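Scroll down for the structure; my scribbles are underneath it.
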Ligand SMILES: C[S@@+](CC[C@H](N)C(=O)[O-])C[C@H]1O[C@@H](n2cnc3c(N)ncnc32)[C@H](O)[C@@H]1O
């Protein structure tokens, strides 16, 4: 489990603030890649009822959105940076605090007993209860988490939320996961935030306990450059193979690879990355698709977006396992 003093793994702080800064057409808590994926005809029900692994989940915003808004059965986020995994707990609490209650949850006890009294007194006898409109709901205002802290998640202690779980061998020793839930991917479906769990681990090299049950969907978004620069060509192929092995038959790998141009800046972060950069023979644009289809064994590829590889304008692809 690693604390980092640099960002040589792409373990950026405030990543989603930077990433979403240019997207005035989307709400600030929505991810444009998920928007694109779900607009795509073939991927409309990509997450619904599925077990999803988000590798390199950073502070957890994408995992949280999938767990909360896209009906996933379970979402597992994993990141190499333990401080970011701790941040994931805060991301979940914040999203939970701002979640609008459903109409049935929103009826406050005082209001319920007032209605009951009225009905018993015959005021509205024989009339159907009026539904409450959204405008009448007094849910947690957006500024409240910053001012007063987040709402507690019922049945989950603060200590449990900020707890961090690591790779499988550590988890066996009683350590460490940050969560919305106690779930394993075999457990029955639960609602957000109980369908969400985070692990701190170097997933390219370590197992986490949910790997054994396999995933319907694995997300590898803006991650391959870091795996490649640290693990060299062999490490990247091993990572692709691990993704394939951890995906259920019929499952999918969603890949947003960084272009080769972006490796040049990344190599400046440490001397090791600089040395490694010159050893790399594989190129994202020329080799990844061939490796995934011909060597790893994915049955087919679908392009959701063709990016220019400048800034965050990256290609988004789905690889299907037969
Ligand atoms: C550039 S960020 C992308 C975040 C997120 N996937 C997204 O696109 O929204 C890359 C993330 O991958 C994480 N990461 C890098 N290498 C990793 C590894 N071997 N295992 C797990 N996480 C890793 C970093 O800590 C960082 O948070």
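Quick note: the coordinates plus some simple rules give every number you see, no bench work behind them. Only a predicted model underlies this, so the values are computations on that prediction, with no experimental measurement involved. Backbone-built Cβ (ideal geometry, glycine too); neighbour counts: all protein chains shown.
A few comments on the model shown:
- Residues 46, 219 arranged by fewest to most Cβ contacts within 10 Å: 46, 219
- Working ranking of peptides 304-317, 60-73 by packing, defined as the average number of other Cβ atoms within 10 Å per residue, highest first, is 60-73, 304-317.
- The range 187-255 and the range 77-101 have Cα centres separated by 18 Å.
- Among 207-218, 48-59, the peptide with the highest mean count of other Cβ atoms within 10 Å heads the list, and the full ranking is 48-59, 207-218.
- Cβ crowding within 10 Å, taken as a proxy for footprinting-reagent exposure, orders 42, 228 from fewest neighbours to most as 42, 228.
- Take every Cα pair under 8 Å whose residues are at least 6 apart in sequence, average their separation, divide by the length of the range 193-298, and the relative contact order is 29 percent.
- Cβ crowding within 10 Å ranks 199, 16 as 16, 199, fewest other Cβ atoms first.
- Full extension of the chain between residue 71 and residue 241 yields a length gain of 58.4 nm, computed as 0.36 nm times the residue separation minus the alpha carbon distance.
- At the listed q of 0.13, 0.18, 0.26 Å⁻¹, the Debye profile of the range 268-322, built from one uniform point per Cα, gives log10 I(q)/I(0) equal to -0.47, -0.78, -1.02.
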